[in-house]
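Report on the following structure.
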Amino acid sequence: MIGNMLQSPPIDTAFQTWLLQLLPTQAELALLSPDPTPLQCLLKDQRPNLLLREPGPGLDWLLVEAHLEFQPDPEVSLNTWKNWLQPTGRLVLSVPNLRYLPRLLTLLQGRWPFGWDQPVLQALTSEWLLQLLNERGWEVLELASQNHELPQQSALRAALESTGWDLSGFDADSQVSQWYLLATPRSHWQAAPLPLEGLRAHNLLLALNGQDQHWQALEAYLHQFQPQTPVSCVLFPLEPAFDPEVWQERLLDWLVAKGFDPETIPDLILPEAPLTAAEIPRLLATVDTLIGENAPAAWLEWARRLNKNLLWLGPGPLPRGFEAAHCLRDWSALQL
């Protein structure tokens, strides 16, 4: 009788279906799984334009399957994964539910209920997962599950209760074999400021490219402040691999064409080299205010998470998520 109760859950196609509903058509993602081949084949077939690469900084998506439950310190794993993701990145986590009744009964019979040789080190319940992610700075966007009808659930419950188990709190998830979570970093755990030379008491950040409105914001900055004002503006070219010398010459030519004397203007800082994706949050951590309407979306998200001011000079609506105290609509609001 009991042997018939302990059949393994069906193949986890529910996770694959749920995952395909979430994933975009184009993104950079990595997999953490003891057997990544099935997911790799699925993505290659269903999402051929996704860029699958090794785990590391700058990821849009991180898919973690049958991994967290084996880690001796899950907090270290969650901190590491947070450092790998872009500020708008997504973590997809799949873990087994310890409260699944057939799994509990198998454990009580002294048999291993998982299909792996490694020991499961963590007590995998939905409460534990949600509390862990919340404490480690993650925002859980969705909690889903793979459920299985248990025709013999009454017999399973009776067998467990006969061993002294109190199952009064297990009804909600006793038929859940697997938990799926979608989460995003609520904050970045490693955003140390960059050691840029020339920083002042107040520092602004402006993205630059060939569009006129970017340079219009720079011109407004130069007219707004005097050389003695304790403020600097960090200029960051949006070209993937800009040449600092070329941009230095371009900036000087532009200043002269606009009638500015490079020796008598408020401070400007141009980074000496392009930054990696992992260094962008450090750049945002270095400044006080982001000049925002022309900034990339990822910069806006980092500014929000790092509680930076946003100088929003255009007529358009403010980006979502910014508190009114951090949104400035004109230069005088900087209060330098």
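Observations on the model:
- Residue check for Glu69: over 17 Å from the mean Cα position of the chain (by Cα), within 25 Å of Val176 (Cβ to Cβ) and either modelled with pLDDT of 90 or more or not in a loop (DSSP other than H, G, I, E, B) (or both): yes
- Hey, Gln26 within 26 Å of Ser177 (Cβ to Cβ) and either without any contact (Cβ under 8 Å) to a residue 60 or more places away in the chain or surrounded by fewer than 18 Cβ atoms within 10 Å (Cβ to Cβ) (or both) or not: no
- Screening Cys41 with (1) of a type outside the set (Phe, Trp, Tyr); (2) at pLDDT 85 or above; (3) in contact with a helix residue (DSSP H, G or I) (Cβ under 8 Å, 6 or more places away or on another chain) gives one miss only, at (3).
- Subset of region 238-263 (residues that are of a type in the set (A, V, I, L, M, F, W, C) and surrounded by 13 or more Cβ atoms within 10 Å (Cβ to Cβ)): Leu238, Phe242, Trp247, Leu251, Trp254, Leu255, Phe260
- The conditions of being buried (at least 16 other Cβ atoms within 10 Å of the Cβ), touching a residue at least 12 places away in the same chain (Cβ under 8 Å), assigned to a helix (DSSP H, G or I) and not charged (D, E, K, R) are not met by Leu235.
- Considering only residues in region 207-232 that are at pLDDT below 95 and assigned to a strand (DSSP E or B), the one that is nearest to Thr276 (Cα to Cα) turns out to be Ala207.
- Look at region 305-334: where a residue is closer than 28 Å to Asn83 by Cα and at pLDDT below 85 and a partner is of a type in the set (A, V, I, L, M) and in a strand (DSSP E or B), sitting 6+ places away or on another chain with Cβ atoms under 7 Å, you get Phe322/Leu310; His326/Leu310.
- Take the conditions (1) among the hydrophobic types (A, V, I, L, M, F, W, C); (2) out of contact with any Asp or Glu (no Cβ under 8 Å at 6 or more places or on another chain); (3) farther than 14 Å from Ala183 by Cβ; (4) touching a residue at least 12 places away in the same chain (Cβ under 8 Å); Val76 misses just one of them, which is (4).
- Within region 89-137, being at pLDDT 80 or above and surrounded by fewer than 19 Cβ atoms within 10 Å (Cβ to Cβ) holds for Ser126, Glu127, Trp128, Leu130, Gln131, Leu132, Asn134, Glu135, Gly137.
- Hits in region 200-218 - residues which are surrounded by fewer than 18 Cβ atoms within 10 Å (Cβ to Cβ) and small (Gly, Ala, Ser): Ala201, Gly210
- Of everything in region 43-53 that is of a type outside the set (D, E, K, R) and under 23 Å from the mean Cα position of the chain (by Cα), the residue that is surrounded by the most Cβ atoms within 10 Å (Cβ to Cβ) is Leu43.
- Among residues that are charged (D, E, K, R) and within 15 Å of Leu196 (Cβ to Cβ), Glu239 is not included.
- Residue match in region 266-287 (condition: farther than 19 Å from Pro193 by Cβ and either among the basic types (Lys, Arg) or touching a residue at least 40 places away in the same chain (Cβ under 8 Å) (or both)): yes
- Listed conditions (1) assigned to a helix (DSSP H, G or I); (2) closer than 13 Å to Leu91 by Cα are all met by Leu42, apart from (2).
- Matching residues in region 238-290 - criterion: being modelled with pLDDT of 90 or more, in contact with a His (Cβ under 8 Å, 6 or more places away or on another chain) and not in a loop (DSSP other than H, G, I, E, B): Thr289
- Matching residues, region 219-232, being surrounded by 19 or more Cβ atoms within 10 Å (Cβ to Cβ) and of a type in the set (A, V, I, L, M): Val231
- For Gly198, the conditions (1) of a type in the set (Gly, Ala, Ser); (2) within 18 Å of Arg304 (Cα to Cα); (3) at pLDDT 75 or above; (4) outside any strand (DSSP E or B) all hold with the exception of (2).
- Enumeration of residues in region 291-317 that are in a loop (DSSP other than H, G, I, E, B), within 22 Å of the chain's Cα centre (by Cα) and farther than 18 Å from Pro237 by Cβ: Leu306, Asn307, Lys308
The values are calculated or read from the model by the stated rules, or taken from the named source; none is laboratory data. Everything numeric here is computed off the predicted structure, so don't read it as measured data. When we count neighbours, we look across all protein chains shown, and the Cβ atoms used for this are built from the backbone with ideal geometry, even at glycine.
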